[in-house]
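Please treat every number below as a calculation from the coordinates, not as lab data. This is a predicted model, so every value here is computed, not measured. So basically every Cβ, Gly included, is an ideal-geometry build from the backbone, and we count neighbours across all protein chains shown.
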Amino acid sequence: MAKKILLENDHIEGIRYYDTYRKNGGYRAAEKAFKMSPADIVEEVKKSGLRGRGGAGFPTGMKWSFLAKPEGVPRHLVCNADESEPGTFKDRYLMEFHPHLFIEGLLISSFALGSNATYVYIRGEYAWIPDILEQAIAEAKNNGWLGKNILGSGFDCEIYVHRGAGAYICGEETALIESLEGKRGNPRMKPPFPAIQGVWMRPTVVNNVETLAAVVPIINLGGDEYAKIGVGKSTGTKLLSVCGNVNKPGVYEIDMTCTVEEFIYSDEYCGGIPKGRKLKACIPGGSSVPILPANLLLKTAKGEARYMNYESLSDGGFATGSMMGSGGFIVLDDAQCVVRHTMTLARFYNHESCGQCSPCREGTGWMYKILKNLEYGKGKMSDIDLLWDIQRRIEGNTICPLGDAAAWPVAAAIRHFRDEFEWHVNNPEESQTRNFGLAHYADPIHVPASA
Amino acid sequence: MSETPKFKVTIDNISIDVPAGTTILNAARMIGGDVTPPAMCYYSKLKDSGGKCRTCLVEVSKGSEKDPRPMPKLVASCRTTVMDGMEVKNITSPKVVDARKGIVEFLLLNHPLDCPVCDQAGECDLQNLSYEHGSEATRYEFKRRTFEKEDIGPYISLHMNRCIMCFRCVFTADQLTEKREHGILERGDHAQISTMLNKSLDNDFIGNVIDVCPVGALTDKTFRFKNRVWFTKPVDAHRDCPTCSGKARLWMRGEEVFRVTARKDQWGEVEDWICNDCRFHKKETKDWVIEGPSKISRSSVIAQGHYQGNVGTAPTPVLIDKVIGKQPKYTLDIHSISDVNRPEIDLSKIDGPAHSNDFK
Ligand SMILES: Cc1cc2nc3c(=O)[nH]c(=O)nc-3n(C[C@H](O)[C@H](O)[C@H](O)COP(=O)(O)O)c2cc1C
Ligand code: SF4
Ligand code: SF4
Ligand code: FES
């Protein structure tokens, strides 16, 4: 049984209400934290090795230590609850079922960073969750955990929930800041970074929901103990949201020590592929990360088993690896079409581009149109190379990483599934009635013996 | 100011000392010539402009003396400040040349091929850009994006299909006028300039959006279709204006003033903003004190030598061919709606500014 520290109390009825949460050890970490100095809390988070759970995996303790502290200027903690990446729905689970764990994490982090006004920017489509959060915030406030002079420490803190209006781009931290300020959600040019000039040009830390929730067990256990969970630079536990062709889709907490194979096939997690079908491909970390065929998913190019952690998932770089990303684990069985799937993602990025910079504004729509032709049997062989060329010229040349996020899925699909694209071109009619199938995508890869 | 330290930066193997805080693009402009990256959205007179079009991308092959590591990605030179000892590659970097070619292709992707009927033709930054940095042909095989035509009043014409989303007009309205009343609606490839631009026309300075627009998306309605720019001759003139500097450029043919714009410098940027009154209402020679012919230093058909000897054939095909890679389909024959563009008259043989009498 894997270790659970975030969803430890998942089975307890009513854990989403204050009394139950408190009776089961809730706000113990906050009590402990208020006896520490803010600098010591930052130190514990550094020791824990916690990496941001929003996608980029940046060490949280380091991010916190970059926060500028000019005299007389307020600082802010902003929680990124925009969770709009296709395939990712773990933050929703935390906020919906464990709101107090989340608020406790927000509180400790606000104290550590000196944020008297903390904001939760939540995606508009999560229409019912702000009510849950606001109720929990009111409960916490009634019990003295928010408001003025918390626990007699002299520290004041309010948490405000701010709804987005339905734009994926507002999950990008600087677009989120613009939107929070009431402006159009266009990503900002960096520098300046939010740690120096963020919301209202004040020093700001933006963290994901899960990142901030993880601060609770870090304080409870101590940074060193937390760092013992997991392996290498993948410390602690990670929430994964699983969808697609598995028997048991849902949200799972893993301690990053199991293999990808175990994760997909064991009954503790996904429970295997339904209807006796076979695993064809998987996007292990949300729609932006590279798709992998079954063989490269389960084993690295060196022939070693691939594990569910940051390092192992990215083993091989983009050539033969992928990324942990935001933990949206999307599984495709042998009845799925990679061309169609890539087209769907391209449509998403086309729809979500903010339109500020030319490569992303123009390139995402172009890729979608070409993919549509390929999928519907109207593609040409040269279209595949053209797609490659377009994604190559978007990647790295844009203001924000949405351009890269749009380019990578296309690049990976062509890199690993080129013959499926070619089959669509060569069989325009057949491709409209059946799919390419598993082909050789699960065959063992030949690993040359090292000298 | 004298205390600002100087940084040494090397761009395409040419070194220059510039004050700390200077952007790579501005350092390159100080050197001048080919090392200067093209800029479609940056405008030195507009705060916060730049960073969007990505045509000015350059490679930083050495970060600084202190930290010589190269930068992992190409950077927007208009928004990246120099460091001491920085080394930058513009046209000497194959990566930059390739990326820029891509950017030009992206910018032209949905741009209508209506140069023959566009008022900006001949002084269009996009035309010039594609001429210098683009490819021969487009690989785009889909229908180009179109927007519904919006009437924004009697002075300015908005042709959204041609917009490249440089945001310059938004910054102009924001920074030059008291209340900005237009902006960007929607997002992604259907983002558009819209809303109440006509209302802000009441403002004395809104006409400047015409001059900052790098393409033919915002043009002067009081000039539209009256003439092609290369048939008019620019002269610098001034008048005593209570609202603005009164320093303007008149586009004349004979004694007629066809259009009034601000004067532009060698980077195509306005030198002094002019007010709406000077721009739209002072169209007679007697309104102005004429200083003399303007120096056109920027690469454009106005100055590129295409001005002469083109007569007898249609005036632009050489250029248009380079720009869009194929002969455009004319949506209308300019000669059928205007009698000022008589191809049989050789402008280069006319002494001084052409006059409507020359076309009788
Ligand atoms: C287009 C785009 C969308 C993003 N969406 C989210 C999101 O929904 N939630 C999130 O936590 N981070 C998202 N991110 C990452 C954030 O920019 C930022 O890195 C993150 O919130 C930092 O938090 P962390 O350090 O705790 O991971 C997105 C990034 C991009 C480029
Ligand atoms: S990359 Fe796309 S989403 Fe990001 S700033 Fe540019 S246009 Fe907007
Ligand atoms: S209308 Fe012209 S100035 Fe305004 S954003 Fe479009 S191209 Fe730029
Ligand atoms: S001029 Fe630098 S990005 Fe447009």
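A few comments on the model shown:
- Net +/- balance of residues flanking A:Ser84 in space, Cβ distance below 9 Å, scoring K and R +1, D and E -1: -4
- Using θ = phi - 60° and Karplus 6.51 cos²θ - 1.76 cosθ + 1.60, couplings along the range A:315-327 (whole Hz; Gly, Pro as x): 4, x, x, 6, 5, 10, x, 9, 8, 6, x, 9, x
- Normalising the Debye intensity of chain A to I(0), with uniform scatterers on Cα atoms only, and taking log10 at q = 0.10 Å⁻¹ returns -0.73.
- For the range A:164-238: Kirkwood Rh in Å [reciprocal of mean 1/r, alpha carbons]: 14.2 Å
- Summarised as an ellipsoid, the range B:5-89 has semi-axes of 19, 14, 12 Å, derived from the eigenvalues of the Cα gyration tensor scaled by 5 and square-rooted, with the largest first.
- Candidates per trypsin sites (Lys or Arg not before Pro) in the range A:143-219, loop by DSSP, up to 13 other Cβ within 10 Å: A:Lys148, A:Lys183
- Under-5 Å amide H pairs with B:Met252, H placed in peptide plane, nonlocal only: B:Lys233, B:Val235, B:Phe258
- Local net charge near A:Ala112, Cβ-Cβ under 10 Å (Lys/Arg +1, Asp/Glu -1): -3
- Its Kirkwood hydrodynamic radius, worked out from the mean inverse distance over all distinct Cα pairs, puts the range A:234-333 at 13.0 Å.
- Considering only the protein assembly as shown, percent of DSSP beta bridges that pair antiparallel, nearest 5: 70 percent
- Taking the range B:6-104 and dividing mean pair separation by its residue count, relative contact order in percent (alpha carbons under 8 Å, at least six apart): 34 percent
- For the protein assembly as shown, taking Cα atoms only, Rg and Dmax work out to 30.1, 97 Å respectively.
- Local electrostatic count, A:His162, Cβ distance below 11 Å [Lys/Arg +1, Asp/Glu -1]: 0
- The range A:14-155, Rg to Rh (Cα coordinates; Rh as Kirkwood inverse mean 1/r): 0.95
- Ascending count of other beta-carbon atoms within 10 Å, so fewest first, for B:Trp267, A:Trp64: B:Trp267, A:Trp64
- Listing A:Thr88, A:Thr364, A:Thr300 from fewest to most neighbouring C-beta atoms within 10 Å gives A:Thr300, A:Thr88, A:Thr364.
- Helix runs (DSSP H) in chain A reaching 18 Å along axis by Cα, Kyte-Doolittle at least 1.0: A:99-113
- Residues B:Tyr140, A:Tyr27 in ascending order of nearby Cβ atoms (within 10 Å, fewest first): B:Tyr140, A:Tyr27.
- Volume per residue of the C-alpha convex hull in the range A:330-451, rounded to whole Å³: 132 Å³
- When shorter helices are ignored and each DSSP H run of at least 4 residues is given -39500 (n - 2.57), the per-residue value for the protein assembly as shown at 222 nm works out to -8500 deg cm²/dmol.
- The amide H of B:Lys264, built 1.01 Å from its N in the peptide plane, has B:Glu271 as neighbours under 5 Å, considering only residues 5 or more places off or on other chains.
- Amide H within-cut-off set for A:Arg51, under 5 Å, with H built and near neighbours excluded: A:Thr60, A:Thr235
- Spatial offset of the range B:123-179 relative to the range A:354-421 amounts to 24 Å, using the alpha carbon center of each.
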